[in-house]
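Derivation of every value follows stated rules applied to the coordinates shown; laboratory data play no part. Since the model is a prediction, treat every value here as computed from it, not as a measurement. Because the Cβ atoms are built from the backbone with ideal geometry, glycine has one as well, and the counts that use them run over all protein chains shown.
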Ligand SMILES: Cc1cc2nc3c(=O)[nH]c(=O)nc-3n(C[C@H](O)[C@H](O)[C@H](O)COP(=O)(O)O)c2cc1C
């Protein structure tokens, strides 16, 4: 029951919860949303090198797995990346800061994949200003592979308790090249308290919680029909849905038993964290946000290559009135005065978890 209850609420905070641990093998197979994961298998299988790079790019991490990208191919060697204006998180990300970070992750993964295929990419960010397309990209010969690209298909955002095992100092100092890494006991303890308090604010503020609930996909059919948002799938969760224990209504109701027990399990998960990674920037322009996304993706790949897991915990960085005191605390703890904390994540040794759903590349291409 413990696993199910944790899974049943690991709902807020975003991403997939695919409990593939219980039930018979047959049921397991039939409840796995294979279509939603197919883009991972198709990555790199296209003839056009731009499509190949894009097929990896769309596997990038992004807030609530909204996948807010659209791409138009141009001529033989160029493309334009657009933000899908319909895919926003107005309650928890009113200024699209996190959405823009996700687009930075996408661009970095596209550049990494192109490099692995021997292509360089000349990027121009916001070529028509910040309200226009996100980037124009020209592919040309002369790229070189970054060893980080080898980890693209293994990268995850690991929304699970981490082992009670320290991050070795040697690995932490290598990751320090990409982010601020916190392993000291007082700061780790302060960040556990902060991330938990912030999670509670999001969960108990009806309009921010509702934003997550609206993005939940309940069961294989919903996940395959909408391979984005917060996926609740796998045989065990589906059996809870069948008996009515896991529903959209219960998830929006803090008084329900499932909600309360799940909150407790989420608290334990957040506390099972030996280290944190944070990214800050001196200013907070759209370019800074794209750069933060590019750096986060590299950090996520580097950690993956070291056998470490990374899990963004963004609640305390979100810009809405109820979160303001905790936003101030996060900034006092992690950034110089006036700087912005762009990302905060748990770092440690987590379990292997499934790939998260994605829309196919074809759904993201538009006529330029
Ligand atoms: C800017 C940004 C913020 C995110 N914030 C959270 C978060 O607060 N909690 C969480 O569980 N996941 C967070 N994620 C991770 C996404 O939920 C995850 O990338 C997405 O569900 C796809 O899963 P994957 O990264 O395993 O492929 C964030 C990702 C990005 C890029």
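Taking packing as the residue-averaged number of other Cβ atoms within 10 angstrom, the listed peptides 205-212, 270-277, 107-114 run from highest to lowest as 107-114, 270-277, 205-212.
Over segment 218-266, the hull volume per residue, using the convex hull of the C-alpha atoms, is 83 Å³.
Can you give me the relative contact order of segment 86-184 as a percent, contacts being Cα pairs under 8 Å and 6 or more apart?
Relative contact order, segment 86-184: 19 percent.
Taking one quarter of the surface of the C-alpha convex hull of segment 22-115 gives a mean projected area of 8.3 nm². Dimensions of the chain from C-alpha coordinates, computed as largest minus smallest value along each principal axis and given longest first, are 57, 51, 39 Å. Which residue fluctuates most in the GNM of the chain (Cα springs below 10 Å): 309, 144, 55? Highest fluctuation among the options: 144.
Full-extension gain between residue 74 and residue 221, please, as 0.36 nm times their residue separation minus the C-alpha to C-alpha distance.
Length gained between residue 74 and residue 221: 49.4 nm.
How high is the relative contact order of the chain, in percent, with contacts defined as C-alpha pairs under 8 Å that are six or more residues apart? Reported as a whole number, the value is 29 percent.
Only helical runs count toward this figure. For the chain, summing -39,500 (n - 2.57) over DSSP H runs of n ≥ 4 and dividing by all residues gives -12500 deg cm²/dmol at 222 nm.
Every pair of different Cα atoms in segment 242-368 enters the Kirkwood calculation, which places the hydrodynamic radius at 17.7 Å. Within the listed set 337, 254, 39, the Gaussian network model of the chain (springs between alpha-carbon atoms below 10 Å) gives the highest mean-square fluctuation for 337. Per-residue extension of 0.36 nm, minus the Cα-Cα distance of residue 117 and residue 257, leaves a gain of 45.3 nm for this segment.
From the square roots a ≥ b ≥ c of the eigenvalues of the alpha-carbon gyration tensor of segment 70-169, which class results: rounded (a/c under 1.5), prolate (a/b over b/c), or oblate? Note, shape of segment 70-169 comes out oblate.
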